[in-house]
Each structure stands twice: as C-alpha cells, then as structure tokens.
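Remarks on the structure that follows.
Please treat every number below as a calculation from the coordinates, not as lab data. Small disclaimer: the values here were computed from a predicted structure and weren't measured. Every residue, glycine among them, receives a Cβ derived from its backbone with ideal geometry; neighbour counts consider all protein chains shown.
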Number of protein chains: 2
Amino acid sequence: MTRYAVLGTGAVGAWYGARLSRAGHDVHFLCRSDFDHVRTQGLLVESPDGDIHLPHAQAYCDVADMPRCDVALVAWKTTSNGALGPALHAVADDTTTVVMLQNGLGNEAAALAASDREPGQVVAGLSFICSHKIGPGHVRHLDYGAVTIAGGGTDRGERLAADLREAGIPVTAVEAEAEPARWRKLVWNVPYNGLCVLLDTTTDALMADDGTRAEVEALMHEVRAAAASRGITIPAEFAHAMLTDTDRMQSYTPSTKLDYDRGARMEVDAIFGAPVRAARIGGVDVPRMALLYRSLLFLDSRSRDG
Amino acid sequence: MTRYAVLGTGAVGAWYGARLSRAGHDVHFLCRSDFDHVRTQGLLVESPDGDIHLPHAQAYCDVADMPRCDVALVAWKTTSNGALGPALHAVADDTTTVVMLQNGLGNEAAALAASDREPGQVVAGLSFICSHKIGPGHVRHLDYGAVTIAGGGTDRGERLAADLREAGIPVTAVEAEAEPARWRKLVWNVPYNGLCVLLDTTTDALMADDGTRAEVEALMHEVRAAAASRGITIPAEFAHAMLTDTDRMQSYTPSTKLDYDRGARMEVDAIFGAPVRAARIGGVDVPRMALLYRSLLFLDSRSRDG
C-alpha cells in the first residue's frame, strides 16, 4: 500500500485518486472548494469503465492538515502552482515522488523552485484523458486516461507505473527525461487548445476546414522547431500522427476552452508562454505561437476583468 | 456639373453622394434593399459637419435603369464585386472614370476583368471615413472622410479630385498608381480589422495591451514585407506613424468587425486573402497574416452557415 496525496481533486485528480483508492492505496484528497461536500457525501467518479463512489474519501481543505505521503499527485491547474511551496512542504519529504499531472512546460521546474526537493524526486505525468467535473465532488470520465511518466530517471518511474497499472490506469511509457515528453504533448495542446478558444470551436470543426487544419499543422511544426532549439527532436511524422489521431477522435473541447467558457483562468503561461519564451531563447521564430499566446493573454485578462 | 453613379448607397456611398449632390452634381444612387424607402423618404446623411437630406434623391433598385455617368463610385463591399459586370455595362462607357471606393487589394483588377473598360479608366479611392448606416436611407457620419485617389495616371485623378474638393470632400493625395496606396492602407486594415474580429474588441483595447499591440506591429511589418515582394517600398516609419495615429484615435470598430457582428459577409478575400496570395507569389513568409486569414475564413463561413 502506497500513501498518495492528490493535490487538486478535479477532473484529473479525482479520476486517478479514485482508482488508486479502489485498488487499496491510502489516498488523501485536497478538495478546497468541494471540501464540505466531499466530507459529507464522498467522492463520485462516473466512468464507462465503471463508476467509483468513495463515501469516506479522506478529504482536506487545508494542505497543512495532510499527512506526509509517498507520492504527491499535483493535479490542479498550473494557474494554481503558486500554492506548490506550502503543499509540498506539508506532504513531501526526501522519499516522496512528486508527479506533475499537468499540461504545459516548466511545471517540474516550478515544483523544484517552490520546494527543497531534489530534481530526481519530481516527475512529469502526461495525462491523456477526457473527463469533466460536473458538480462538487462529482467527476464524469468520458474516455482515455492513459499517462506517460517522464523524468527523474526510470527506476522511480517504474515503481510508480506499477502502482498505476495495478489500479487500472494505463501507463503508455516511462521515460527518463520530462522535457521531451512535455514538448511532444505541446504539439497537440498548442494548436488545439489555442485555436479552439480563439475561434470558439471544437477539434473536429478545426479539422474539417482546410484552412484551420493547415494552421493546426503549421503550429505543430512551430512547436517542433522550438523543441529543436532545445536539442529535442520531434520527427515530422509525430505531428502527422497527431493530425490523424485527432481526425479519428470525436468532437472534443480542450481543457483551455472549458476553462475560458466557465470564466476560469486559462493555462496561458504553461501551455503557450513557456514554449514561446523557450523558442526566443533558442533563437527560433515562432510567429503563429506568439500571435496565439498574446491573443490568449488578452482574452484571459479581459475574462478576469469582466 | 458631373453625372455620378453611386453603386452602393451605404455608409460610404451615401456620404460621398450626398455631398456631391449638395454641390450641384447630378447623382444617381443604386439603393437595392433601401430602394422603396429612399424613393419615398429620400436620403438622410447626418454629420457633425452638417446634416444633408436629399428628399428627391435619384434612386434605383436595378442598375439597368441607371443612365451612363461620367464617374461611377463603386462603394459597395468587395463581397458584392460579382455584380461589377452588369453595373459597369450600364453606367460606364469609354469616357467614364470608375472609382473603386473599397478596402483591400485587387479591386481595380476585378473591375477591369468584369468590364471592357481600359486600365486608365479605373482608379482607386481610398477612403478614411468613420460612418455607419443606421437605418434604411439613413447614414450617420462620425468623423474623417478624406480620400486618396490613386491610379489611372494623375490627370483623370486631378479632375475627380477637383470635383470632390469643391463638394467639401478632402482629397489627401492624387497618385498615379493604385497598388502602392492600397498596400499602405492594408498596413492599417490587416491588423486592426483582423484582430478586432478575432478578439471581439476595438482598436483602443488592442493598443492598451502590450501583447496585442506588439502583434499589431508585427502584422504591419508582414504587410510591408509582402508589399516589398511586389516592388513596393513602405518605410518602417509609415507603420510607426499608423500606430501613433491609432493611439490618438477614439475607440474604433473597424468595418470588418461591424460586418461580422451584424452577420454580414466579411471582406476576407480583399483585405486578407489577396495580400496573403501576393506574398506567396512574392516568396515572402507571412505566418501571422496567414493565421489571421484562415481564422477569419473559418469564422465567416460559420457565420453564414448559422
């Protein structure tokens, strides 16, 4: 039995935490806004793979009340990463593995900068999941759910992967380095998350229009070029495979678009700002990404003013 | 006295036509959707410079009923340029000057392709005007109104300019060639018309945000680069002056945004498509313009489907 902290019990955190809990692990959920509901009603995760109801989920509204854990799953949005310092101080020590289950770039560095953990302790969890929070303590999982574990070498990753697999969470890969995996995920997130917000649409509509489809592809190649400036090679075939995979997907609304629609802060910095800055440092021109980044900053700022 | 045809009696055409009519010229207005109203109630142009009411405006709903004119002012949107052939057949002969009072690129070529006029007969009228149609036969002029006449050499342009000036319409310049003037106007129209639609905003908000302001400027430089590939030099100082001028303007909603908001077709091809194609032919990369162009095509297509 492993002791888990789930930092952020939303669409992603609840799904992972519920499966780990069902598998017999000792899971502690930071719930914040849903605390009262989860404490009295428990946690409900609906899924085509079978619903999980945890009537006695161990819920916390203050991270300071949480115990030290073997693994900390950071599953809140990157926009909450300002809270990493006190959270990791409470739940992590030198033996804890910190898993950044987030989109974007630079999340592991943020965790290291905010805590006194060692680089090898912080790993990336790249989650490919379609799930939504539909009410307090209530998450609906629609499809997917596999995770790639990357960073901190492979030994720590393999131990984590074994737990996850036993809990019914597919692990697609365990990789020694986080950054290449994060850049590959950006090949999808930058065009689809960005253009779906800007054009108020869904992935299938972007793919059905020759013009926006060409822009999706051009953005993918800008992400590849930015990664290359960091010494990370992503083959063109990888981008083509992403296009083909997205063609096969049902109509999908990326997380950034869901955030925008409900008036929440978008993950503009982690998904768009960080790669644009990396490209600038690398001396690579990424004009489409820059236009997208600044447009989303503008929309995000207005959304929060309004 | 000169005989004028105003082809398209909207926010631009009504203003020019009303001033020319007040100055004693013989002005014939193609009104289409407003025909019944204008025939019975006349035409009303409100302006801080003085209102003009033409109770007996010579209105037509069918261009075939219009007389041959000395000057044809083409003031409908470029999206109606498919109607140029029959219109110019009706109102123009070898002595007529055809003035394309429109935004974008390639409008003079469209008029030549649709008619048997000679190149020197078709000139560009680049109108800097802030006016809106607020009801049938009813236009409100808010500010500006100067026009640059360009193309067809300068003699024909000077004769036209003399008429316009006598009618109280400022003529800022008469130039021998249309294309350089059209590209200079695109330096403003591409960034502001495009980004105001995409970000659902106004010029002042784009200028107040450092990020979108930087994107406006980057788009201006892409337009300059595209023009340069056609042998047309627009100095960087010109773009900087446009930024400074826009800083001094009040909050402004560009025409493309007004079109989009009222569910009308946007002038995507003339303002965005034509310069993107010109850049491609010129071998110049214009990634921001391409993203803007394809995004607007997507929005325009969806707007007309819905």
Value of relative contact order over chain A, rounded to a whole percent, pairs C-alpha under 8 Å and six or more apart: 14 percent
Anisotropy class of the stretch A:116-224 from Cα gyration tensor, a/c 1.5 cut: oblate
Extreme residue, positive dipole direction of the protein assembly as shown, given options A:27, A:74, B:242 (C-beta unit charges): A:27
Rounded to 10°, Cα long-axis angle of helix B:210-228 versus longest principal axis of chain B: 70 degrees
Dipole of the stretch B:180-305, positive end: most advanced residue of B:208, B:194, B:223 [Cβ charges, Cα centre]: B:223
Phi to ³J(HN,Hα) by Karplus 6.51 cos²θ - 1.76 cosθ + 1.60 over the stretch A:261-272, Hz, x for Gly, Pro: 5, 9, x, 8, 4, 8, 7, 5, 5, 5, 8, 10
DSSP-defined antiparallel bridges as percent of all bridges, the stretch A:34-162, nearest 5: 60 percent
Rotational relation B to A, axis-closest Cβ in chain B, residue and distance rounded to whole Å: B:287, 2
Inter-chain Cβ neighbour average for residues B:284-294, partner chain, 10 Å: 5
Shortest-first nm distances, residue B:144 label point to equivalent points in other copies (7 Å, Cα→Cβ): 4.5
The stretch B:3-176, relative contact order [Cα under 8 Å, separation at least 6], %: 22 percent
Cα gyration tensor shape of the stretch A:180-305, rounded if a/c is under 1.5, else prolate or oblate by comparing a/b with b/c: oblate
The stretch B:3-176: C-alpha gyration tensor shape, a/c 1.5 cut-off, then a/b vs b/c: oblate
Unit charges on C-beta of K, R, D, E only; dipole of chain A, Debye: 380 debye
At 7 Å out from Cα toward Cβ: residue A:155 inter-copy label distances (nm, ascending): 9.2
Crossing angle, helix A:13-22 versus chain A [Cα axis fit, 0-90 degrees, rounded to tens]: 40 degrees
Lys, Arg +1 and Asp, Glu -1 on Cβ, resulting dipole of the stretch B:1-153 about Cα centre, debye, nearest 20: 240 debye
Phi-based couplings in Hz for the stretch A:189-197 (Karplus 6.51, -1.76, 1.60; Gly and Pro marked x): 5, 4, x, 6, 4, x, 5, 5, 5
Cα centroid separation, the stretch A:8-74 to the stretch B:178-192 (Å): 57 Å
Residue-wise HN-Hα coupling along the stretch A:154-159, computed from phi with Karplus coefficients 6.51, -1.76, 1.60 (Hz; x: Gly, Pro): 9, 4, 4, x, 5, 4
Local electrostatic count at residue B:67 - Lys and Arg +1, Asp and Glu -1, tallied over other residues with Cβ under 15 Å: -3
Order of A:253, A:233 under a 10 Å beta carbon neighbour criterion, fewest first: A:233, A:253
About the Cα centre, charge dipole magnitude for the protein assembly as shown (Lys/Arg +1, Asp/Glu -1 at Cβ), debye: 160 debye
Label spacing, shortest first and in nm, from residue A:1 to its equivalents in the remaining copies (7 angstrom along Cα→Cβ): 10.2
Contact order normalised by residue count of the stretch B:180-305, Cα under 8 Å, 6+ apart, percent: 33 percent
Computed FRET value (nearest 0.05) for residue B:228 with residue A:261, which takes r as the C-beta separation and R₀ as 45 Å: 0.60
